Amino acid sequence: MVQLCCPWCGPRPGNEFSCGGTTGIARPPLECSDEEWARYLFLRQNPKGEHAERWRHGYGCGQWFNVLRDTVSHEVRAVYGIAEPRPGAGSSP
Amino acid sequence: MSGYRLAAPAGAWIDRNRPLRFSFDGRPVQGFAGDTVASALLAGGHAMVARSTKLHRPRGVFACGPEEPNALLDVGLHGERTPNTRATEIDAAEGLVCRPGNAWPGLKLDIAALNARYAALLPAGFYYKTFMKPHWHLYEPVIRALAGTGRAADAPDPARYDAVSRQVELLVIGGGAAGTQAALDAARAGAQVLLLEASPQLAAADALRDAGVECHTRCTVFGLYDHGLAAAAQGVGGAVRERLWTIRARRTIVATGAFERPMLFPDNDRPGVMLAGAVEQYARRYGVACGRRIVVATACDSGYRTAQALVAAGIDVAAIVDARERSGAEAPAGVAVHRASTIVAVAGKRAVQGVTIAPQAGGARHEIEADCIASAGGWTPAVNLYSMAGGKLRWVAESSMFVPATELPGITTVGACAGDFGAAHSPGVVPADHRPSRAALASLGRKPGKVFVDLQADVSAGDVALAAREGYRSVEHLKRYTTTGMATDQGKTSNVNALVLMGAQTKRTPDQVGTTRFRPPFKPVTLNTIAGGRSGERFKPLKRMPGHAWHAARGAAMEEFGGWLRPAAYPRAGEDLVTAAEREALQVRTEVGVFEGSPLGKIEVIGPDAAGFLDLMYVGTMSTLAVGGARYGLLLNENGVIFDDGIVGRLGPEHFLVNTTSGGAERVALAFEEWLQCEYGDHRVLVAPVTSAWGNVTVSGPKAWQLLQAAGFDAALAPAAMKHMTLRECSYGGVAMRVLRASFCGELGYEINLPAPHTQALLDRLWVVGQGLGVAPYGVEALMIMRTEKGFLHVGGDTDGTTLPGDVGMDRGIAAKAANFVGRRSLLRPAARDPRRMQLVGLLPRDGRTRLPVGGHMAASRPPAPIEGFVTSSHHSPVLGHPVALGMLANGRARIGEAVTVWHLGRAIEAEVAKTPFYDPAGERLHGLG
């Protein structure tokens, strides 16, 4: 079980949180094509390594936030606000 | 082997003033407080205590700790029985009942022992080779039954279990010399230290407590997980049988020591062959001599230490047989040492009677009379926890060990488990020239006698050689093909020997063969321990309504509905649930009924953007509601699938009361929050789930207002003044209430929301006042009958994970709706607009009598055939006098009046597609005009 550092409550055990999957997926407008909508609904990257995902501190403050986590080592690289950009995203190629 | 109890004061852990008796395999065994079942059995001279898993060969106690591969017992009776438990870890206790887990009908006469006769036919992989034609599944049940060890409990476990969760600065795992030193150093430097020791005794307990270290014994850490999490199982005794620990530590020091590795020689599984360190521990801890004449077979110096200790304890050591030419340790005076020699044969089947030894270089054989062989083949650092935490291992050729390769973040290994045997309390020195496989390799191909590598999985050196010959070179293949290391002991004494052998067979070093990563648990843990007391009713406690006692007093039959304990019906004497529900439904249709709807989800949505937010959430438009108005709405997920429904009422311009289904209260609030926080962060809205703060008393029936009027409710609530689907705030008896005129049963209905603690008082008041009006309580079953009569949708009953709004006839107005809403885009997909989609329709049996079975499928011919639909709701309607049903049917709304066949368990029932509602199609009754 991982330990996450909730931005509001501090370090807490993983079973207080629930994972909401990949974060920062732009929701296409109503006018988008069926293909684009299907991509939004069903297609995910599932990377081996760094993954930006959203978590909710359900048995705590109830707030959603973003986590940059290594899916192999489970190392948490960063915790950031739900509306904030992925750290280091601007500099990566 | 004929073990016996040494004279006092031998045995530091036992209390000779407290003798006890327990039963093993139906025979009485004597022991003392502090004994394990294994030590008492050894003291009583019980050589054979079990049969092996596959070949059912006689086996004796082999080790003195959790690595025990042989002595697996079923402990306790009935619900308390725990199968497959190591005798070395069971405390001997007065009246304890235990039996061998793998012998039927008994140890001495074991029918499956015939396997041993045909051992040549049962080599590695024989299951896969022999039982493939025509199909493995034909053989599997019999093989599984034969392969099983132990019998599971046949009743619920009456014992109590509990769980603790801790956060600590430093966790030290293991209270041996290295762990104790690490704990003392850290505590003296001011750290908060928790030390867990698996055995019942902690040598330095006083010093540790003086230094402020919190210590617990009988507490085995069985897993190391992410981010410093450790899990441990503790045998408690007394009121609590076992306790689960979950510990989050900033730093963890693993000091789990090392396991001794057995020597490999023919018939090295005979009862009486034991690990040398175990023979020594039985003497020290329990005052037990494991035999009258002991031969030490060794390939390292620790065998000499064992011999020294045994001689000092007054036990006769016949000889030391050393595989090496030189040793760095002294033999005890008077004990013969045979260098560069190995055991080539063991006499005795059910107990060791003697050994034959021979020089490795060849030469004269030599027989020695002995009843116990102490086997010292070197040491295997207990890197299990380190490996679980993700640590990589490094092979040290000079001492034939895998040791931790690197430090892990927050995890340090110390002492023997780090490969460091240099401390003062060292269990033994592993010399540079140690080669545990040499003897085994030398003996390969010699007859008779099997050289066992893995005692518990019955894997021999020959099996490993066969796997190598057949090309199973990878460690993963070796493990799966031979099953070595796969038994409940996870190869604690066998893994390294198997890897060394495989390496020798394929001309590779053991690190080239590689190791498999260890997995939790370190040793078997009972499911009840993992549950930690959260079993039975405590697994998922049911919620109780505020009026629970009132319903119980009315004779309610309680059932679980969506996590709540609710009245299904209130059966009178002689009534079953269905009869009672039908009587209650009729009573509501003709008089008045009282129903508690407190579990109904209640969420307040407040803020300047509340109306716009609800427009985004619901299929319908909520922003156009007038204050005091209420509207039914469907909630969809992003796939356009219906996931909840309910009524939304407007309490103020920026204040809404959202009702959800009883089961959906939590997931709707969660969905609102997720959308609000993650997608619509600019909306100024507060979502406040208030389900348990408010009780709900629903009054339904033609006399509903009469009852409320008689109870003294405000005349503003009268049907003439308050329209259907409106919401009023009122005060009753000084308590502020919210009253919604709505109806799920089709009669005049009031849903009175009130502070939960007042629920019971209102139920009481309505009950007293309503006696003259024919009031009756009604349960969930009666409500389901009535809503089916009305054709009202039950989300989760009539709908499933594919149902779209159009499928249930609720897509009116979607095209014209201005706002986007969750799921809208998915409704535009071609599949969502397919005219062949299933639609919700009414169904009536042709004969007017047969209740259509829920789940029955509609098909033109006997299934297997294309399915056109299925029945989702079905009841006998007491007010109509015939059964009514709802179902999903392909293109159903265009087929009203058509005949369909419902198939159920091979039976065909003729039915007709019908329009809903079945009852009061004009909907006049809900205005109180009926």
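The values are calculated or read from the model by the stated rules, or taken from the named source; none is laboratory data. Every value quoted in this text rests on a predicted model; they were computed, and no experiment measured them. No Cβ is skipped: glycine too gets one built from the backbone with ideal geometry, and neighbour counts run over all protein chains shown.
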### Query
Among strands (runs of 3 or more DSSP E) lying entirely in the stretch B:841-930, which contain 3 or more residues that are surrounded by 14 or more Cβ atoms within 10 Å (Cβ to Cβ), aliphatic (A, V, I, L, M) and touching a residue at least 12 places away in the same chain (Cβ under 8 Å)?
B:882-890, B:907-914
### Query
For the stretch B:527-599, which helices (runs of 4 or more DSSP H) that fit wholly inside it have 2 or more residues that are touching a residue at least 60 places away in the same chain (Cβ under 8 Å), under 30 Å from B:Ala152 (Cβ atoms) and in contact with a Phe, Trp or Tyr (Cβ under 7 Å, 6 or more places away or on another chain)?
B:527-531
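Is it the case that B:Leu77 is of a type outside the set (Ser, Thr, Tyr) and surrounded by fewer than 17 Cβ atoms within 10 Å (Cβ to Cβ)? Show your work before the answer.
On the way: of a type outside the set (Ser, Thr, Tyr): yes; surrounded by fewer than 17 Cβ atoms within 10 Å (Cβ to Cβ): yes.
So B:Leu77 fits the description; yes.
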### Of all residues in the stretch B:795-809 being in a loop (DSSP other than H, G, I, E, B) and of a type in the set (Gly, Ala, Ser), the one that is surrounded by the fewest Cβ atoms within 10 Å (Cβ to Cβ)
B:Gly801
### Message
Just the residues that are without any contact (Cβ under 8 Å) to a residue 24 or more places away in the chain and either closer than 11 Å to A:Cys6 by Cβ or within 11 Å of chain B (Cβ to nearest Cβ) (or both), please, taken from the stretch A:59-68.
### Response
A:Gly62
### Query
When you look at B:Met737, is it touching a Cys at 6+ places or on another chain (Cβ under 9 Å) and either of a type in the set (Lys, Arg) or without any contact (Cβ under 8 Å) to a residue 40 or more places away in the chain (or both), yes or no?
yes
### Message
Looking only at the stretch B:316-370, filter to residues that are of a type in the set (Val, Ile, Thr) and farther than 25 Å from B:Phe452 by Cβ; which one of those is surrounded by the most Cβ atoms within 10 Å (Cβ to Cβ)?
### Response
B:Val335
### Summary
Per the list (1) under 18 Å from B:His927 (Cβ atoms); (2) among the aliphatic types (A, V, I, L, M); (3) more than 47 Å from the chain's Cα centre (by Cα), residue check on B:Val768 breaks on (1)
### Query
How many of the residues making up the stretch B:866-878 are farther than 15 Å from B:Gly855 by Cβ and out of contact with any Asp or Glu (no Cβ under 7 Å at 6 or more places or on another chain)?
1
### Task
Inspect all residues belonging to the stretch B:702-718 and state whether any of them is part of a strand (DSSP E or B), away from chain A (no Cβ under 14 Å), out of contact with any Phe, Trp or Tyr (no Cβ under 6 Å at 6 or more places or on another chain) and at pLDDT 95 or above.
no
### Task
Residue by residue through the stretch B:71-113, note down the ones that are at pLDDT 90 or above and part of a helix (DSSP H, G or I).
B:Ala87, B:Thr88, B:Glu89
### Task
Report, by residue number, each residue of the stretch B:318-359 that is free of Cβ contacts under 8 Å to residues at least 24 places away in the same chain and under 48 Å from the mean Cα position of the chain (by Cα).
B:Ala347, B:Gln353, B:Gly354
### Task
Determine, yes or no, whether A:Leu4 is free of Cβ contacts under 8 Å to residues at least 12 places away in the same chain, under 23 Å from B:Glu679 (Cβ atoms), of a type outside the set (Lys, Arg) and more than 8 Å from chain B (Cβ to nearest Cβ).
no
### Task
Of the numbered conditions (1) more than 14 Å from chain A (Cβ to nearest Cβ); (2) among the aromatic types (Phe, Trp, Tyr); (3) outside any helix (DSSP H, G or I), B:Phe821 fails exactly one; give the number of that condition.
(1)
### Message
Pairs please, first residue from the stretch B:452-474 and assigned to a strand (DSSP E or B), second anywhere and charged (D, E, K, R) and crowded, with 24+ Cβ neighbours inside 10 Å, Cβ atoms under 8 Å, 6+ apart in sequence or on different chains.
### Response
B:Phe452/B:Asp269; B:Phe452/B:Asp458; B:Val453/B:Asp463
### Which listed residue, of B:Gly314, B:Gly291, B:Gly287, B:Gly272, is out of contact with any strand residue (DSSP E or B) (no Cβ under 7 Å at 6 or more places or on another chain) and at pLDDT 95 or above
B:Gly314
### Query
What pairs can you find where one residue is in the stretch B:65-82 and among the β-branched types (Val, Ile, Thr), the other is assigned to a loop (DSSP other than H, G, I, E, B), and their Cβ atoms are less than 8 Å apart, with a gap of 6+ or different chains?
B:Val75/B:Arg81; B:Val75/B:Ile90; B:Val75/B:Leu96; B:Thr82/B:Gly76; B:Thr82/B:Ala153; B:Thr82/B:Thr526
### Message
So, in the stretch A:33-46, exactly how many residues are within 8 Å of chain B (Cβ to nearest Cβ) and not aromatic (Phe, Trp, Tyr)?
### Response
2
### Query
Given the conditions (1) crowded, with 20+ Cβ neighbours inside 10 Å; (2) more than 14 Å from chain A (Cβ to nearest Cβ); (3) not in a helix (DSSP H, G or I), which single one is not true for B:Ala721?
(1)
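Got a sec? Which helices (runs of 4 or more DSSP H) wholly within the stretch B:174-289 have at least 1 residues that are away from every other protein chain (no Cβ under 14 Å) and in contact with a Phe, Trp or Tyr (Cβ under 7 Å, 6 or more places away or on another chain)?
Output list reads B:276-286.
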### Summary
Only one of B:Gly174, B:Gly223, B:Gly179 is on the phi < 0 side of the Ramachandran plot and either of a type in the set (Ser, Thr, Tyr) or crowded, with 23+ Cβ neighbours inside 10 Å (or both), namely B:Gly179
### Message
Go through (1) over 16 Å from A:Leu4 (Cα atoms); (2) modelled with pLDDT of 95 or more for A:Tyr80 and report which single condition fails.
### Response
(1)
#### Entry: Set A:Arg44, A:Arg77, A:Arg69, A:Arg54: member being touching a Ser or Thr at 6+ places or on another chain (Cβ under 6 Å), within 25 Å of A:Trp8 (Cβ to Cβ) and either in a loop (DSSP other than H, G, I, E, B) or not β-branched (Val, Ile, Thr) (or both)
A:Arg54
#### Entry: Test result for A:Leu30, of a type outside the set (Phe, Trp, Tyr) and within 11 Å of chain B (Cβ to nearest Cβ)
yes
## Note on the structure
When A:Arg56 is run through (1) within 9 Å of chain B (Cβ to nearest Cβ); (2) touching a residue at least 60 places away in the same chain (Cβ under 8 Å); (3) under 13 Å from the mean Cα position of the chain (by Cα), the failure sits at (2)
### Task
Working only within the stretch A:21-45, note down all residues that are surrounded by fewer than 16 Cβ atoms within 10 Å (Cβ to Cβ) and either closer than 13 Å to A:Leu68 by Cα or touching a residue at least 24 places away in the same chain (Cβ under 8 Å) (or both).
A:Gly21, A:Thr22, A:Gly24
#### Entry: the stretch A:7-27 - residue that is within 11 Å of chain B (Cβ to nearest Cβ) and part of a loop (DSSP other than H, G, I, E, B) and, of those, nearest to the chain's Cα centre (by Cα)
A:Thr23
